[in-house]
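A.B. asks: Just dropping this structure here.
FYI, it's all coordinate maths here, none of it is from the lab. All values derive from a computational prediction rather than experimental measurement. Here the Cβ positions follow ideal geometry from the backbone for every residue, glycine too, while neighbour counts run over all protein chains shown.
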Amino acid sequence: MAGALQRIQVVRAFDIFQMLDVLQDLRGAVAQQVSDSSGTVKVVIVDSVTAVVSPLLGGQQREGLALMMQLALELKTLARDLGVAVVVTNHMTRDWDSGKLKPALGRSWSFVPSTRIVLAVSEGAGAPGSERIACLTKSPRLSVDSEDSFVPGRRASLSDLTDLEDIEGLNVRQLKEILARNFVNYKGCCEKWELMERVTRLYKDQKGLQHLGGAVPPSQEENLCRICMDSPIDCVLLECGHMVTCTKCGKRMNECPICRQYVIRAVHVFRS
């Protein structure tokens, strides 16, 4: 145990620029270890991502989101390309209106981790017999059983659909909810079948991405979002017209990463 603890190295980074420098240096060192077949870095723990990212978000600070995306890309590179386990703490905060606990970075960070575990302490923390709860809320291995399948009347989600037949059971409101949550514009759709057609294409796109699985061949890397490097490019940035991001990242961009022109709108597109 003592030998294992001595191999732990602590690096203090008090802002996102220092953290990016540390991660880039680490990426170079780990890549060298992999090529030498003497890899020693197994786990990287970032505690906490909220502390370095949150000061750059909100207000008129437009560069914060781009820096957060760059941080996410560095962490994904370590995990996906170099086989390093990456653990990131995203502290909880209390919602101003409802008082409920939620991740500090919220939706802006929700798409980054592939697995999410929420840790909570029951009342009477520190007292004898107090409970600590770990809840798995997101995982690529998390199966959808019959109890979690789509229930008419609740908020609709694309992940609730198990096959194309489920789409036929959705009403107009639920179809619009799914399209809106996936940033698909449904303006101009006057009939239910038009909404169903767009949800069907969205469902097929998602299933096609899931079937890719694992590592992406080099020939397909050019079709991946340049920000998250996980999802396919399916978004056009207006008014410049460049296609370099997925819809989720495109909706969060203030300026095009290619020409630096201000992004007025990001439009989801379907591949033929």
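A.B. asks: What are the residues whose amide H is under 5 Å from the amide H of Glu255, where those residues sit 5 or more places off or on another chain and H is modelled from the backbone?
C.D. replies: Counting only residues 5 or more places away or on other chains, the set is Val263.
A.B. asks: Can you compute the FRET efficiency between Asp21 and Ser139 using 1/(1 + (r/R0)^6), with r the Cβ-Cβ distance and R0 = 35 Å? Round to the nearest 0.05.
C.D. replies: Working: r = 31 Å, r/R0 = 0.89.
Once the sixth-power term is evaluated, E becomes 0.65.
A.B. asks: Shifting gears a bit: What net charge is computed for the residues neighbouring Val199, neighbours being all others with C-beta under 14 Å from the C-beta of Val199, Lys and Arg scored +1, Asp and Glu -1?
C.D. replies: -2
A.B. asks: Stick to Cα atoms and the Kirkwood definition of Rh, then tell me Rg/Rh for the stretch 155-212.
C.D. replies: 0.94
A.B. asks: For a label point 7 Å from the Cα of Ser114 along Cα→C-beta, name the residues of the stretch 1-35 whose backbone N is under 15 Å from it.
C.D. replies: none
A.B. asks: Okay, moving on. Provide the per-residue ³J(HN,Hα) series for the stretch 64-75, in order, calculated from phi with Karplus coefficients 6.51, -1.76, 1.60 and θ = phi - 60°, each as a whole number of Hz, with x at glycine and proline positions.
C.D. replies: Ordered by residue, 3J(HN,Hα) equals x, 5, 5, 5, 5, 5, 5, 4, 4, 5, 4, 5 Hz.
A.B. asks: Then there is this: Expressed in nm to one decimal, what extension gain is obtained for the pair Thr40 and Arg173 from 0.36 nm per residue of sequence separation less their Cα-Cα distance?
C.D. replies: Details: separation 133, 0.36 × 133 = 47.88 nm, distance 5.24 nm.
Roughly 42.6 nm would be gained on extension.
A.B. asks: Let me ask something additional. For Arg132 and Ala4 in the same chain, what is the full-extension length gain: residue separation times 0.36 nm, less their Cα-Cα distance, in nm?
C.D. replies: Fully extending the segment from Arg132 to Ala4 adds 43.5 nm.
A.B. asks: What ³J(HN,Hα) values, in whole Hz, does the Karplus curve 6.51 cos²θ - 1.76 cosθ + 1.60 give for the stretch 186-201 when θ = phi - 60°, with x put for Gly and Pro?
C.D. replies: Here the 3J(HN,Hα) series is 10, 5, x, 7, 9, 10, 4, 5, 5, 5, 4, 5, 5, 5, 4, 5 Hz.
A.B. asks: Amide H to amide H, which residues 5 or more places from Val46 or on other chains are under 5 Å from it, using H placed in the peptide plane?
C.D. replies: Val87, Val88, Thr89
A.B. asks: Here's something else I'd like to know. State the extension gain, in nm to one decimal, for the chain segment bounded by Ile258 and Asp163, taking 0.36 nm per residue of separation less the distance between their alpha-carbons.
C.D. replies: Value of the extension gain: 30.5 nm.
A.B. asks: Mind listing the long-range amide H neighbours of Thr93? Cut-off is under 5 Å, sequence gap 5 or more, other chains count too, H placed in the peptide plane at 1.01 Å from N.
C.D. replies: Lys102, Ala104
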